[in-house]
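Report on the structure given below.
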Amino acid sequence: MKLTVLQNKLKEGLSIIGKATAKSSTLPILKNILIRTEDNFLNLSATDLEIGIKWWTLVKVDEEGSTTIPYNSFSSFINLLPTEQIDLNVNNNNLSVECEDYKTQINGIDPDDFPIIPQVEEVNKITINSRILCEGLLQIIDVPSLSKVKPEISGILFSYNNNELKLVATDSYRLAEKRISLKEDKKDEFSFIIPQRTAREVINILKDLNKEVEIVFGENQVLLRVKMEEFNHSYIEITSKVIEGNYPDYEKIIPDNLKTQIVLNKEDFLNKIKAASVFTSKINEINLSISPEKGEVVIESSNTDLGNYEAKLKGRSEGEETKISFNYRFIVDGLSNIKSSEVIFELNDENSPGILKPVGKNDFLYVVMPVKN
């Protein structure tokens, strides 16, 4: 293999695929990346057997070939080079790197030993803007919790139906749902669960691109693919295993016919909840008293060692008087991921979940279970 590539392009590709290299593994090859040429493209690949990431760029190829080399040493060296052309040359799997006055050789391994990143056979496919997808994932990414008993709630549910993609996450104590309308008209309904870590890497890699992303769902894998603007050729591909199992029928726990509703200023509500958190007990409990007649919420917390806290918050309210307790962390997380300046807080009674929603939009809801006395 012999080719010429710009330092800044190679640095970009390494920063993208490096997220899939194994940090510690009994298989040393997983700390390596695969470098190969495909026609006039340079392809970099990395995998930890759970996630596989591929990246391509157009280069000047003098001789086709491939090798696999340690990611950390190669990336560290490339990052130190000037932003000039780099010549890469492979001989007996070893990679020589030349750039101006810099020259090194990195020992490689036979590329046939590198794990195969599976091809995803297309069963269903949708297209979505990368920024919109990542903004939606950011609103729910912190909700799941790792669970060996219920592995399905360790991930993010992608559910497509009637030109709408739902992103759902839960940890059994709270649930977040983000709805995204899509332009394409597809009749097929489908759903799959991706690991939380995969979702985080999707955010890290795609959030600043503002490009169209193809989400391809296969039998037990999912592929997220971004193509180059100049060519009908892949630019970035993220392949991930999906979590097997059926996601909980979460819509059944979203309460209907709520008895109490109050509309509050989000920042004011958030700040008063954070202030209450200073005086909470070990279970992080805060108490809310909603009075529709007065149009206010009273927020209280107490700690036997520190003291007591009380704050009042005015809002537009209707329904019945309600007293209820929550873990303040869950309320803070929900409010922090609502984008509107005002929020709707809906409740039934002290033993039923509450719902937080943005004012003016119906694309996000956050369900939180109360602390039962």
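Summary of computed values
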quantity: Residue count for region 303-345, restricted to those that are in contact with a helix residue (DSSP H, G or I) (Cβ under 9 Å, 6 or more places away or on another chain), of a type in the set (S, T, Y) and free of Cβ contacts under 8 Å to residues at least 60 places away in the same chain; calculated: 2
quantity: Region 57-110: number of residues that are without any contact (Cβ under 8 Å) to a residue 12 or more places away in the chain and among the hydroxyl-bearing types (S, T, Y); calculated: 2
quantity: Breaking point among (1) basic (K, R); (2) open to solvent by 70 Å² or more (accessible area, probe 1.4 Å); (3) at pLDDT 95 or above, for K60; calculated: (3)
quantity: Strands (runs of 3 or more DSSP E) within region 1-56 that include 1 or more residues acidic (D, E), touching a residue at least 60 places away in the same chain (Cβ under 8 Å) and open to solvent by 20 Å² or more (accessible area, probe 1.4 Å); calculated: none
quantity: Any hit, region 79-86, residues being open to solvent by 20 Å² or more (accessible area, probe 1.4 Å), part of a loop (DSSP other than H, G, I, E, B) and touching a Cys at 6+ places or on another chain (Cβ under 9 Å); calculated: yes
quantity: Residue check for L258: within 16 Å of V343 (Cα to Cα), touching a residue at least 24 places away in the same chain (Cβ under 8 Å) and of a type in the set (A, V, I, L, M); calculated: yes
quantity: Selection within region 117-149 - within 30 Å of N351 (Cα to Cα) and free of Cβ contacts under 8 Å to residues at least 60 places away in the same chain; calculated: G136, P144, S145, L146, S147, K148, V149
quantity: Qualifying strands (runs of 3 or more DSSP E) (wholly inside region 285-356; at least 3 residues being open to solvent by 20 Å² or more (accessible area, probe 1.4 Å)); calculated: 285-291, 296-303, 307-314, 316-319, 342-347
quantity: Residue ID - modelled with the lowest pLDDT, chosen from residues in region 166-189 that are surrounded by fewer than 15 Cβ atoms within 10 Å (Cβ to Cβ) and in contact with a strand residue (DSSP E or B) (Cβ under 9 Å, 6 or more places away or on another chain); calculated: E184
quantity: Meets criteria (charged (D, E, K, R) and in a loop (DSSP other than H, G, I, E, B)) for K103; calculated: no
quantity: Within region 103-126, considering residues that are of a type in the set (S, T, N, Q) and at pLDDT below 95, the one surrounded by the fewest Cβ atoms within 10 Å (Cβ to Cβ); calculated: Q119
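The values are calculated or read from the model by the stated rules, or taken from the named source; none is laboratory data. Computed from a predicted model, the values in this text were never measured in an experiment. We place every Cβ from the backbone using ideal geometry, glycine too, and count neighbours over all the protein chains shown. We work out accessible area using only protein heavy atoms, side chains counted, and drop any ligands, DNA or RNA first. Shrake-Rupley method; radii C 1.70, N 1.55, O 1.52, S 1.80 Å.
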